[in-house]
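Take a look at the structure below.
The values are calculated or read from the model by the stated rules, or taken from the named source; none is laboratory data. Because the structure is a prediction, the values reported are computed rather than measured. Note that each Cβ is placed from the backbone with ideal geometry, even for glycine, and that neighbours are counted across all protein chains shown. Remember, those area values only see protein heavy atoms, side chains included, never the ligands or the DNA or RNA. Shrake-Rupley method; radii C 1.70, N 1.55, O 1.52, S 1.80 Å.
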Amino acid sequence: MVRRVAVVGAGISGLAATKCCLEEGMEPTCFEQSEDIGGLWRYTEEVEEGRASIYRTVFTNSCKEMTCYPDFPFPDDHPNYMHHARLQQYIRDYAQHFDLLRHIHFNTLVTKIRKHPDFSATGQWEVVTQKDGKEEAAVFDAVMICSGHHVYPNLPLAHFPGIEKFKGCYIHSREYKEPEKFRGKKVLVIGLGNSGCDIAVELSTVASQVYLSSRSGSWVMSRVWNFGYPWDMLLITRFRTWLDNVLPKAVSDWLYVRGMNQQYNHENFGLMPVDGTLRKEPVLNDDILSRIACGMVLIKPNVKEFRETSVLFQDGTVQDDVDVVVFATGYSHAYPFVEDESLLKNRNNEVTLYKGIVPPKLEKPTMAVIGLVQSLGSNIPTADLQCRWAIKVFQGLCKLPPVSEMMEDIDEKTGKKAKWYGTQNTLQTNYINYMDELASAIGAKPNMLKLLLTDPRLALEVFFGPCSPYQFRLTGPGKWSGARRAILTQRDRTLR
């Protein structure tokens with residue numbers, strides 16, 4: 001019987017885990033190494049060891065109706081896209097509303113998670129923590145790891161010959177906070193992702209020139225889409241997902257590329273992805289095109305070689321007098337506090353999880369990793385549903401198949417992901433398909449036929465409208481009485 005649950009981290013996933021445990025009558029203890037909640041969204045002036053770090057001007061890329069916890073909408077008067085400070089306040093309001101703070105141990109670092117000696121019988125874990133120089137150990141019936149995957153920067157210097165000769169300075173985007181120190185300099189940003197584009201645009205207001213280097217290109221979208229609505233309210237719908245699933249892939253690919261090039265031809269701006277049919281996560285940026293058009297940002301191919309003061313690119317061009325390089329090259333995920341690393345990394349040194357949550361080779365399924373997926377949907381509702389599914393597994397109400405079947409399922413999904421997203425995007429998944437898969441297992445997926453017969457207005461909005469988080473609290477465990485109204489009024493709040 002799972003009763004006591006250790007939650008590692010008090011970011012958006014850790015808070016969801018804590019709340020979901022309380023909903024099911026469990027006793028969560030959340031360990032947070034810093035002094036406050038918020039995780040990634042808690043901005044600090046300095047980079048803190050072991051914590052995610054964001055820059056001063058970060059805004060959300062998904063709109064408020066698609067970002068919220070599914071039973072806690074944003075206030076009506078909030079803008080559709082929010083500065084990190086406003087989102088952090090929302091996270092605090094959520095924690096206070098559901099009385100989560102009393103379950104969190106702040107300034108407490110989890111240093112070790114290991115199986116209890118009688119794990120094969122009990123499924124229990126020993127969790128070792130450190131606070132004020134003192135070490136403590138406690139036994140828990142289950143563990144939910146919610147430490148995120150934006151902590152350990154990926155700095156692939158081995159792929160950039162000559163970097164050791166470069167006389168300028170280089171940093172990872174994790175270290176970037178604000179642009180003023182780069183005033184008047186020539187800056188090369190490597191990486192055409194959300195952070196790389198944001199930083200390039202911001203630096204272009206103070207730097208003498210910004211170069212943005214991309215290895216494989218990317219689709220770039222604006223937050224504001226057709227008719228002025230948020231992009232995700234128009235694109236993340238059950239109808240569009242259904243079309244993607246039933247159409248032949250060649251037709252689906254053609255429609256996808258046509259849609260992504262609808263507002264402008266990416267090739268004309270040097271942004272065209274090498275394989276445009278892959279559903280890699282697009283870049284969300286409202287300003288990069290104008291910066292390119294004005295010559296403030298110059299798009300360059302991949303770097304071939306660094307020299308003392310210049311950079312040679314793959315197309316043979318050389319850029320002289322480069323002062324600073326910003327590596328916006330993403331992050332690697334690691335869990336150094338898990339004593340037996342093979343629990344998570346049991347194949348090709350990659351994290352291997354059933355449903356993206358549970359290590360498949362545990363004798364007892366009492367460990368869950370929350371938040372280690374990426375999709376076009378927001379992390380907050382994804383984490384919430386992952387937690388609800390994981391707790392049902394802990395309770396034995398959601399039975400897992402044998403290890404061999406779980407590994408087959410992982411292999412099958414890995415193959416599908418490679419086909420749709422490429423081999424480099426192992427965490428990416430289709431938002432609605434993934435959410436429905438978890439929701440079906442716990443009885444929280446909307447029944448479209450039943451809705452059509454009993455509540456046709458709601459059914460039409462659920463199928464053709466945005467797949468907002470409230471849909472996954474219409475029914476099942478954790479059902480929220482305000483879900484129907486929230487769905488039917490989501491457009492009103494967007495326009496407000």
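Counting DSSP beta bridges with both partners in the chain, what percentage is antiparallel, nearest 5? Let's see the in-between values first.
Working: 26 of 61 bridges.
DSSP beta bridges in the chain are roughly 45 percent antiparallel.
For the chain, what is the mean residue ellipticity at 222 nm derived from helices alone (per DSSP H run of n ≥ 4: -39500 (n - 2.57); sum divided by total residues; nearest 500 deg cm²/dmol)? Show your work: numbers first, answer last.
Working: 16 runs with 151 residues, N = 496.
Roughly -9000 deg cm²/dmol at 222 nm, from the helical runs in the chain.
In vacuum, with every alpha carbon of the range 221-262 counted as one equal point scatterer, what does the Debye formula give for log10 I(q)/I(0) at q = 0.17, 0.27, 0.28 Å⁻¹? Two decimals, please.
Values, matching the q order: -0.51, -1.01, -1.03.
So, in nm, how far is label A250 from label K304 when the simple model puts each one 7 Å beyond its Cα toward the Cβ?
3.7
If a cysteine in the chain has no other Cys Cβ under 4.7 Å from its own Cβ, put it on the list, ordered by number.
Flagged as lacking a Cys partner: C21, C30, C63, C68, C146, C169, C197, C294, C398, C467.
Return one quarter of the surface area of the convex hull spanned by the alpha-carbon atoms of the range 237-304, equal to its mean projected area, in nm². It would help to have the intermediate numbers written out before the result.
Numbers: hull surface 23.7 nm².
About 5.9 nm², averaged over all directions.
Which listed residue (H159, W231, F74) has the Cα farthest towards the positive end of the charge dipole for the chain, taking +1 on Lys and Arg C-beta and -1 on Asp and Glu C-beta about the Cα centre?
In the chain, that residue is W231.
When the expected Rg is taken as 2.2 N^0.38 Å, what fraction or multiple of it is the alpha-carbon Rg of the chain? Numbers along the way, then the final one.
Details: Rg = 23.0 Å, N = 496, 2.2 N^0.38 = 23.3 Å.
With N residues counted in the chain, Rg over 2.2 N^0.38 Å equals 0.99.
So, in nm, how far is label K416 from label S208 when the simple model puts each one 7 Å beyond its Cα toward the Cβ?
Result: 5.3 nm between the two label points.
Rounded to the nearest whole Å², what accessible area per residue is found for the chain with the 1.4 Å probe?
Value returned for the chain: 44 Å² of accessible area per residue.
Rounded to the nearest percent, how much of the accessible area of the chain (1.4 Å probe, protein heavy atoms only) is carbon and sulfur?
On the way: 11000 of 21990 Å².
Of all accessible area on the chain, carbon and sulfur atoms account for 50 percent.
Express the Stokes-Einstein translational diffusion coefficient of the range 353-496 in µm² s⁻¹, to the nearest whole number, given a Kirkwood radius over alpha-carbon pairs, 37 °C and a viscosity of 0.692 mPa s.
Numbers: Rh = 16.4 Å.
The diffusion coefficient I find is 200 µm²/s.
Starting from the coordinates of the alpha-carbon atoms of the range 319-402, obtain the Kirkwood hydrodynamic radius over all distinct pairs and give the value in Å to one decimal. Walk me through the numbers on the way to the answer.
Working: mean 1/r = 0.0659 Å⁻¹.
When all Cα pairs of the range 319-402 are included, the Kirkwood radius is 15.2 Å.
Please state the charge dipole magnitude for the chain, taken about the Cα centre, from unit charges on C-beta atoms (+1 on K and R, -1 on D and E), reported in debye and rounded to the nearest 20. Don't skip to the answer; put the middle values down first.
Details: 57 positive and 58 negative charges, 202 e Å.
For the chain, the charge dipole is close to 960 debye.
Ratio to report: Rg/Rh of the range 367-407, with Cα atoms as the point set and Rh obtained by the Kirkwood method; give two decimals.
Working: Rg = 11.8 Å, Rh = 11.4 Å.
Here the Rg-to-Rh quotient is 1.03.
Please report, in whole Å³, the volume per residue of the convex hull around the C-alpha atoms of the range 123-206.
Roughly 192 Å³ of hull volume per residue.
If you project the alpha carbons of the range 141-182 onto their three principal axes, what span does each projection cover, largest first, in Å?
Reported extents, whole Å, longest axis first: 53, 29, 9.
Among DSSP beta bridges lying fully in the range 71-229, give the percent that are antiparallel, nearest 5.
Values: 13 of 18 bridges.
Of the beta bridges lying entirely in the range 71-229, close to 70 percent run antiparallel.
Once you keep just the Cα pairs under 8 angstrom separated by 6 or more residues, what percentage relative contact order results for the range 341-434? Don't skip to the answer; put the middle values down first.
Details: 85 pairs, mean separation 24.4, N = 94.
Over the range 341-434, the number comes to 26 percent.
What is the range 264-391 by shape, rounded, prolate or oblate, if you read a ≥ b ≥ c off the alpha carbon gyration tensor as root eigenvalues and call it rounded for a/c under 1.5, prolate for a/b larger than b/c, and oblate otherwise?
On the way: a/c = 3.06, a/b = 1.93, b/c = 1.58.
Prolate.
What's the FRET efficiency of R92 with K399 using the Cβ-Cβ distance as r and R₀ = 35 Å, to the nearest 0.05?
That gives a FRET efficiency of 0.40.
Diagonalise the Cα gyration tensor of the range 449-492 and give the resulting equivalent ellipsoid semi-axes, square root of 5 times each eigenvalue, largest first, whole Å. Don't jump to the answer; show the numbers that get you there.
Details: eigenvalues 44, 38, 15 Å².
That gives 15, 14, 9 Å for the three semi-axes.
Regarding the range 159-300, what whole-number volume in Å³ per residue does the convex hull of its Cα atoms give?
Values: hull volume 19.4 nm³, N = 142.
It is 137 Å³ per residue.
Below 8 Å, C-alpha to C-alpha, sequence gap of six or more: please give me the relative contact order for the range 172-269 in percent.
Computed value for the range 172-269: 20 percent relative contact order.
In debye to the nearest 20, how big a dipole does the range 178-242 give about its Cα centre with +1 on each Lys and Arg Cβ and -1 on each Asp and Glu Cβ?
Once rounded to the nearest 20, the dipole reads 160 debye.
Say the cut-off is 26 Å between C-alpha atoms; which of K185/K300; K355/K445; K19/K416; K392/K450 go over it? Each step should come with its number before you reach the end.
Values: K185/K300 17 Å; K355/K445 16 Å; K19/K416 33 Å; K392/K450 24 Å.
Over 26 Å apart, Cα to Cα: K19/K416.
Assuming R0 = 22 Å, can you tell me the calculated FRET efficiency for the pair F227 and L488, based on Cβ-Cβ distance, to the nearest 0.05?
Working: r = 19 Å, r/R0 = 0.88.
FRET efficiency, F227 to L488: 0.70.
How large is log10 I(q)/I(0) at q = 0.13, 0.14, 0.15, 0.20 Å⁻¹ when the Debye formula is applied to the Cα atoms of the range 1-103, each weighted equally and without solvent?
-0.49, -0.57, -0.65, -1.05
When only C-alpha pairs under 8 Å and at least 6 residues apart count, what is the relative contact order of the chain, in percent? It would help to have the intermediate numbers written out before the result.
Values: 937 pairs, mean separation 98.9, N = 496.
So the answer I get is 20 percent.
Quick one: divide the alpha-carbon radius of gyration of the range 75-186 by 2.2 N^0.38 Å and tell me what you get. Please list the in-between numbers first.
Working: Rg = 21.7 Å, N = 112, 2.2 N^0.38 = 13.2 Å.
So the Cα radius of gyration is 1.64 times the expected 2.2 N^0.38 Å.
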